[in-house]
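**Student:** Take this structure first; my questions come after.
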Amino acid sequence: MILPSDIENMKLELKSHRNKKGEFLQNSSVNRYYSALNKAYNVMIENDYIDYNPCRKVKKYIEDNVRSVVLPLNVQEEFLKLLPSDLHRVIVLVALHTGFRKSNVLQLRKEQVNLAKKYIKLTKSENKRKKTITLPLNSFIFNLIEYYYKQAEDYLFINPETHQPFTTILKSIKAAGKKVGIEDLHFHDFRRTFGTRLLENGTNLRVIQDLLAHSNISVTERYLSVEAGERELALESLAS
């Protein structure tokens, strides 16, 4: 019988392992293994194979490696110019104005877009099975994707080399990011940038939580970043 102490030992063992870069696994990586095991036990309980989940008495590690990278507004125009095509730029702009995850942007389909009512709708299955999202399109993004919508048979953004939806544009993002001084820019950082800019513009945190479809507001709080200089400006305002 597997005990909670065995799960704790598994976590410690995983912490001693290294990833492909030769770095020890971080807390978030170990937590993913834990979550997968916990889910497996719950599935077995639901199907009456077992009646006990040792993971229930074991806590996740506190994650200390939360990314805080955003695309600063003052380098955005230059960054976009450095991308290899107009299509790459449109994809990034859609990400920055919707906060959608990579797969939801790269695999955006015509049936998900309602031009008449100006919104994009993602079902639960398209949103990590969390909840349905109906996101209004601001005028900028509406005008930007209208052309692609009218041209599309199914997917809006088609890779001209493969004639299929893009699976990644990471190489282009990293190259352009490095040239504007961001060493490790990921597609998912555009989602964080979306939320962070809303926060800096005074948007209520609950609204940001809803737009990002986070299940818990604490996730939203940890998720957001603050651009360099914003905290200093905020504190300086108290002295004026």
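Just so it is clear, none of the values below were taken in a lab; they were calculated from the coordinates. No experiment lies behind these values; they were computed from the predicted model shown. Methodologically, a virtual Cβ is constructed for each residue, glycine included, from the backbone with ideal geometry; neighbour enumeration extends over all protein chains shown.
**Student:** By per-residue mean of other Cβ atoms within 10 Å, what is the highest-first order of 102-113, 68-79? If you can, show how the numbers build up before the last one.
**Tutor:** On the way: 102-113: 18.4, 68-79: 15.7.
Averaged packing, sorted descending, gives the order 102-113, 68-79.
**Student:** So how much slack lies between Lys121 and Lys150, counting 0.36 nm per residue of separation and subtracting their Cα-Cα distance, in nm? Let's see the in-between values first.
**Tutor:** Numbers: separation 29, 0.36 × 29 = 10.44 nm, distance 1.74 nm.
Going from the current span to full extension adds 8.7 nm.
**Student:** Same structure, new question: Taking only C-alpha pairs under 8 Å that are 6+ residues apart, what is the relative contact order of region 28-96 in percent? Mind dumping the intermediate values first?
**Tutor:** Values: 24 pairs, mean separation 18.3, N = 69.
After rounding, I find 27 percent.
**Student:** Then there is this: Could you pull out every residue, at least 5 positions away or on a different chain, whose amide H is within less than 5 Å of the one on Tyr155? Hs are placed 1.01 Å off N in the peptide plane, and Pro or chain starts have none.
**Tutor:** Distant-sequence amide H within range of Tyr155: Lys110.
**Student:** Just to verify a number: FRET efficiency for Tyr33 and Ser103, C-beta to C-beta distance, R0 = 25 Å, to 0.05?
**Tutor:** Numbers: r = 22 Å, r/R0 = 0.89.
Between Tyr33 and Ser103 the formula returns 0.65.
**Student:** If you count, for each residue, the other Cβ atoms within 10 Å and average over each peptide, how do 175-185, 84-94, 153-163 line up from highest to lowest? Provide the component values of the computation, followed by the final result.
**Tutor:** On the way: 175-185: 15.6, 84-94: 17.5, 153-163: 12.9.
Going from most to least packed, we get 84-94, 175-185, 153-163.
**Student:** Compute the relative contact order of the chain as a whole-number percentage, counting only Cα pairs closer than 8 Å that sit 6 or more residues apart in sequence. Walk me through the intermediate numbers first.
**Tutor:** On the way: 259 pairs, mean separation 45.7, N = 240.
Answer for the chain is 19 percent.
**Student:** Pick out which of Asn127, Asn114, Asn19 has the largest mean-square fluctuation in a Gaussian network model of the chain, springs linking Cα atoms closer than 10 Å.
**Tutor:** Result for the chain, Cα springs under 10 Å: Asn19 fluctuates most.
**Student:** Take the alpha carbon gyration tensor of region 73-229, find the square roots of its eigenvalues, order them as a ≥ b ≥ c, and report rounded if a/c is under 1.5; if not, report prolate when a/b exceeds b/c, else oblate.
**Tutor:** Note, shape of region 73-229 comes out oblate.
**Student:** Could you let me know the centre-to-centre spacing of region 127-189 and region 1-54, using Cα atoms, in angstrom?
**Tutor:** Region 127-189 and region 1-54 have Cα centres spaced 34 Å from each other.
**Student:** Can you pull the one-decimal nm distance between simple spin-label points at Lys57 and Thr167, each 7 Å off the Cα toward Cβ?
**Tutor:** Distance between the two pseudo-spin positions: 4.4 nm.
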